[in-house]
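Student: Got a structure for you, written out below as structure tokens; questions coming shortly.
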Amino acid sequence: MRPLLGLLVALGASTVASAARADIVTSPERGADLALASYRVSGELVDGTVHLRVRYDVLNRSRFADRAAVQLELPASAVVVGLRQRVGGDWVPGRLLAADAAAGRFEAYLDAPFVAARGAALLTGDHGVHELALAHVPARGRVGVEYEAVVPACYARGEWLVIFPQLDDAPTLTAPGGRIEAAALTSKRLGVPVGDACVGFGVSDAQPDDVVLTWRGPSGPGAIGTVTSVRAASQTITAVDVAVAPRLAEVPRRAAVVFVIDASKSQGADGVADQLAIVRGYLAHAPDARVELVVVRRAARRLFGELVPAREVAARLAALPPQALAVGNGSHLDRGLELAATVLAAASGPRRLVAFTDDRLRPDLADADLRQALAPLPLDAVAHAILPTVGAAEVVRELDHHLVQVIDGWGGIVATVAGAGDPAPLLELVRPIRIEQLTLGGAPLVDEVREGDGYRHVAIDADAGAVAGLIWGRTWSPTVAAGPADRIRAGRLALGLGLALDDADVLALAHLTGAVTAFTSLLADRAAWTPGGLPDDGFEPAGVSISSICGGSSSTYGHSMPSVLVGQASLGPPRPELRSLLAERVAGCAVGLDADPWVLDVEVATTGVEVVDVVARARGVADLAAQVRFEACAIEAGWALNLDPGFARFTDTFTATFAR
């Protein structure tokens with residue numbers, strides 16, 4: 001086997017060369033000394049497929065003419081779509097015929113008496129096994145042959161890849177505009193085995209000695225996607241291709257960013273610290289941003305009063321008094337959203353709203369109220385809702401969370417986010433890095449396609465519907481490609497990937513795409529030629545020369561085990577009582593009221609030990625102004641509560657009634 005050392009070349013070279021698997025020539029008739037000479041293979045990337053052009057001379061070193069059989073060695077899923085042979089100084093193109101008709105015409109050359117030093121070339125095959133037969137290879141002469149094959153390429157880590165198995169006696173392999181290297185080196189450069197990187201394209205793993213042809217993918221930013229439907233005889237094939245550039249989107253320049261900090265008691269001081277860690281991680285990816293922080297408890301308040309440069313945020317926070325970020329009762333997220341939206345409405349440039357919440361909100365706060373609070377936010381802004389948590393930096397999308405509908409229209413995401421350590425994963429809060437929830441006609445295709453990676457779906461789909469995915473919170477759809485070249489490409493993918501098609505559908509696609517199948521073959525001769533066999537040139541039987549080669553393949557299998565969660569119910573402590581906590585303060589509020597009897601109902605909504613809403617209703621107070629003051633005082637008494645740990649297990653509304 002030829003060594004791989006020295007075969008690597010720089011990306012972008014117009015021609016690169018390497019060893020690769022060779023076709024195998026044998027003599028099925030007279031045992032002539034046959035060989036392949038001037039053997040060249042060139043690969044060109046075309047719309048996510050690689051067009052291989054293979055050319056060589058079938059050389060006969062014997063003193064007698066013979067026939068030749070060539071076993072084609074091609075990458076997996078290759079479809080042969082072209083053939084021609086050189087006779088004298090002219091190239092004779094192949095034509096696609098029904099397999100029986102092509103075989104009958106070729107056999108006429110085998111059975112007929114000699115006419116001229118020429119013959120037909122027949123290319124047959126199915127499911128990756130192809131053979132080329134030459135009816136006449138002249139004594140001490142040669143026949144030039146060229147055929148074309150189309151191979152589905154994989155897109156991974158920003159590159160298009162095709163695996164080409166390597167064996168001895170290999171041809172010169174070139175890849176204009178690309179590069180060629182050993183599969184082991186490709187895997188090392190990608191950081192994962194080639195097969196793992198290409199899992200979304202159905203590519204089997206490569207052997208270490210295999211050769212990989214690679215081309216650089218889209219430079220971005222953005223994503224390239226196409227969807228094509230092609231009708232065969234009775235079935236429709238849908239082909240979906242997605243290739244995400246190494247950078248899906250750019251970081252907005254000098255963005256105005258307002259963070260809404262949840263300083264409710266249910267967050268606690270540690271929860272506020274977790275939010276600030278996420279803020280720091282965000283700004284590490286947006287160092288030129290202009291920043292404001294809005295702190296939310298019962299009310300919402302701006303911390304800086306202006307948009308300050310990101311580089312000054314740490315110092316400005318350090319200079320604040322401790323109470324500025326102290327936790328308190330109240331989770332009025334709506335007030336924080338409204339204030340942040342108002343600030344951004346007056347800002348210039350790209351606008352971003354990042355709202356933190358533990359989602360422990362007052363019971364009467366509806367999603368419609370939250371969406372209404374965002375009304376001042378311009379539609380070209382982006383709004384994220386973040387559920388902060390502890391741990392190493394991570395962004396986990398919450399696609400089914402109720403807040404998704406709240407921020408719908410502003411293109412952001414709802415996610416559980418941790419911010420400790422390396423802030424690299426928090427880049428997804430600053431700009432999108434993947435396409436998610438790719439569907440076909442509403443049916444799931446793949447959960448995500450990340451930057452630099454791709455995905456291909458080729459299947460029999462009748463009335464499949466539209467293809468759509470999400471980039472952040474906005475719908476993304478690939479381009480519908482319906483031209484003749486697009487339909488041919490989709491048909492070739494279907495044939496190469498071995499879909500379970502009916503015979504009539506295979507035949508229809510073969511005629512559409514010009515492909516060799518079990519029902520079609522390529523025959524290169526001229527219709528005006530009279531078929532003629534081998535000459536009587538003094539041949540004496542002397543055995544048959546045969547060369548053979550064996551190759552192997554491997555498969556990668558994944559196994560998953562279900563997880564089982566076991567829980568045990570417990571009765572828990574009794575429900576806490578509210579009245580005793582408020583009695584003294586309510587008595588103070590009642591001082592100065594008339595001596596008439598009155599009744600006061602106080603409702604306190606809680607999320608654990610945090611008060612999130614207070615309502616007070618008095619009856620029997622003769623003076624209306626006095627009643628309003630009485631109720632307001634009781635409400636403030638409720639908000640001032642520091643609930644004991646007995647409330648920690650309850651998110652509920654507690655009621656206390658007082659009377660005189």
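The values are calculated or read from the model by the stated rules, or taken from the named source; none is laboratory data. A quick note: this is a predicted structure, and the numbers were derived from the prediction, not measured. No Cβ is skipped: glycine too gets one built from the backbone with ideal geometry, and neighbour counts run over all protein chains shown. Keep in mind that these areas ignore ligands, DNA and RNA; they rest on the heavy atoms of the full protein, side chains included. Shrake-Rupley method; radii C 1.70, N 1.55, O 1.52, S 1.80 Å.
Student: Counting only residues 5 or more places away or on other chains, whose amide H sits under 5 Å from the amide H of T651 once H atoms are built in the peptide plane?
Tutor: G608
Student: OK, next. Can you give the extra length, in nm with one decimal, that the chain gains between R617 and A108 once fully stretched, where that is 0.36 nm per residue apart less the Cα-Cα distance?
Tutor: Additional length available on full extension: 172.8 nm.
Student: Let me ask another. Over the chain, what is the relative contact order in whole percent, taking alpha-carbon pairs under 8 Å and six or more residues apart?
Tutor: 17 percent
Student: Please report, in debye to the nearest 20, how large the charge dipole of the chain is about its Cα centre when each Lys and Arg carries +1 at its beta carbon and each Asp and Glu carries -1 there.
Tutor: 1560 debye
Student: Return one whole number: the accessible area per residue of region 312-378 in Å², for a 1.4 Å probe.
Tutor: With the other protein chains kept in place, region 312-378 gives 43 Å² per residue.
Student: For region 230-309, what is the accessible area per residue in Å², given a 1.4 Å probe and the full set of protein chains?
Tutor: Here the residues of region 230-309 average 34 Å² of exposed surface.
Student: Now a separate question. As a test, work out the antiparallel percent of DSSP beta bridges whose residues both lie in region 209-322, rounded to the nearest 5.
Tutor: 65 percent
Student: Something else about it: Any idea what angle helix 503-513 forms with the longest principal axis of the chain, computed on alpha-carbon atoms, 0 to 90 degrees, nearest 10?
Tutor: 80 degrees
Student: Follow-up. Which percent of the accessible area of the chain is formed by carbon and sulfur heavy atoms (probe 1.4 angstrom)?
Tutor: Reported share for carbon and sulfur atoms: 53 percent.
Student: Which order do the peptides 253-259, 580-586 take when ranked by the mean count of other beta-carbon atoms within 10 Å per residue, highest first?
Tutor: Highest to lowest by the protection proxy: 253-259, 580-586.
Student: Shifting gears a bit: With +1 on each Lys and Arg Cβ and -1 on each Asp and Glu Cβ, and nothing else charged, work out how big the dipole of region 33-111 is about its Cα centre, in Debye to the nearest 20.
Tutor: 240 debye
Student: Determine the shape class of region 327-445: with a ≥ b ≥ c the square roots of the Cα gyration tensor eigenvalues, call it rounded for a/c under 1.5, and otherwise prolate if a/b is greater than b/c, oblate otherwise.
Tutor: Note, shape of region 327-445 comes out rounded.
Student: Which value in nm describes the separation of the simple spin-label points at A443 and D288, placed 7 Å from the Cα toward the beta carbon?
Tutor: 4.7 nm
Student: Roughly speaking, what % of Cα-Cα pairs in region 379-472 are separated by over 22 Å, rounded to a whole number?
Tutor: Here the long-distance tail beyond 22 Å is 38 percent of all Cα pairs in region 379-472.
Student: Follow-up question, since we're still on this one. Amide H of L83 versus every other amide H placed in the peptide plane: which residues, excluding those fewer than 5 positions away on the same chain, fall under 5 Å?
Tutor: HN-HN under 5 Å from L83: G94, E148.
Student: Using the alpha carbon gyration tensor of region 252-381, what are the three equivalent-ellipsoid semi-axes (square root of 5 times each eigenvalue), largest first, in whole Å?
Tutor: Values for region 252-381, descending: 22, 19, 11 Å.
Student: Hey, what angle do you get for helix 333-345 against the long axis of the chain, alpha-carbon based, 0 to 90 degrees rounded to 10?
Tutor: With rounding to tens, the tilt is 70 degrees.
Student: How big is the Kirkwood radius of the chain, worked out from every pair of different alpha carbons and given in Å to one decimal?
Tutor: The Cα-based Kirkwood calculation yields 30.5 Å.
Student: Run the numbers for W529 and A583: contour at 0.36 nm per residue of separation, minus the present Cα-Cα distance, in nm.
Tutor: Value of the extension gain: 8.2 nm.
Student: Could you grab the relative contact order for region 456-541? Cα pairs under 8 Å, six or more apart, rounded to a whole percent.
Tutor: RCO, region 456-541: 19 percent.
Student: Could I ask something else about it? How high is the relative contact order of region 78-211, given as a whole-number percent (alpha carbon pairs under 8 Å, six or more residues apart)?
Tutor: RCO, region 78-211: 23 percent.
Student: Specify the angular offset, from 0 to 90 degrees and rounded to the nearest 10, of the alpha carbon long axis of helix 99-111 from the longest principal axis of the alpha carbons in the chain.
Tutor: The helix 99-111 is inclined about 20 degrees to the chain.
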